[in-house]
Amino acid sequence: MILTHHEIRNFIQEGKLNFEPVLDAFQLQPHAVDLRLGYHFKIPKEWEVCASGRCALNIDYLSQKETSNFHEIELAQKQYFEILPQETVIAKTLEKITISDGGIMAVLYPRSSLNRRGLAVDLSGIVDTYYSGNLIIPIKNNTRQIIRLYPGERICQLVFQKLARTLSLEESKNHGLSPAKYSDTAENLYKQDTNSEMDYIVGGRIEELKGKFRIN
């Protein structure tokens, strides 16, 4: 069941759903909540200076331990961010969201008005019950023009759904055989899956993984 603005208001008033800073009247939609663009951006690095000269970066997130392959920008008030043609960047929402009720979750969607400008905000995934933190948004400029974004503009929307059964806090932390990677904060852009799973994948031992960890 998708929540309407009536249920969303009730959850906020009861302290089961919190936004920091608080929502304004522009953000609450009939059955969704618009989130605003924050001040923090990450731009993927494409090259580095190495012993051989200028070397292109070939990022392998599955086997590499280093994940700081991004330029980070923190804008000040009244500054803007220009996305270059065909460039992909990572942004953070202005609002921090905290879900304190084990019976609801959310899905992050792009706003259609942003798509019409030629920007793609990919479906960024599920916001788990009991999640607390800002949300990370990948944005790509699909045009051949430079597109300007302003912190504070509405960039995406959250659709809240009611779960068929309420989960406990401990249940919400277990994702497969591992604790949730982003259950407390979205400060880290990318966290690897557990080493035990990655060892199987990088080693090409998929059938062995499926056999050892099959669900009966």
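No lab work stands behind these numbers, since they all come straight from the coordinates. Keep in mind the model is a prediction, meaning the values are calculated, not measured. Every residue, glycine as well, gets a Cβ built from its backbone with ideal geometry; the counts of neighbours run over all protein chains shown.
Observations
- Lone cysteines, the chain (no partner Cβ under 4.7 Å): 156
- As a size descriptor, the averaged projected area of the C-alpha convex hull of region 60-152 was calculated at 7.9 nm².
- Residues 99, 2, arranged from fewest to most other Cβ atoms within 10 angstrom of their Cβ, appear as 2, 99.
- Coarse-grained scattering of region 1-47 at q = 0.19, 0.23 Å⁻¹, given as base-10 log I(q)/I(0) from a Debye sum over alpha-carbon atoms: -0.67, -0.86
- Under the convention that each Lys and Arg Cβ holds +1 and each Asp and Glu Cβ holds -1, the size of the dipole of region 5-190 around its Cα centre is about 540 debye.
- Dipole magnitude of region 1-81, debye to nearest 20 (Cβ charges: Lys/Arg +1, Asp/Glu -1, about Cα centre): 100 debye
- The residues 35, 28, when put in order of fewest to most other Cβ atoms within 10 Å, stand as 28, 35.
- Shown for 98, 93: other C-beta atoms within 10 Å of each C-beta, ranked fewest to most, produce the order 98, 93.
- Within the chain, the proportion of Cα pairs with more than 28 Å between them is 40 percent.
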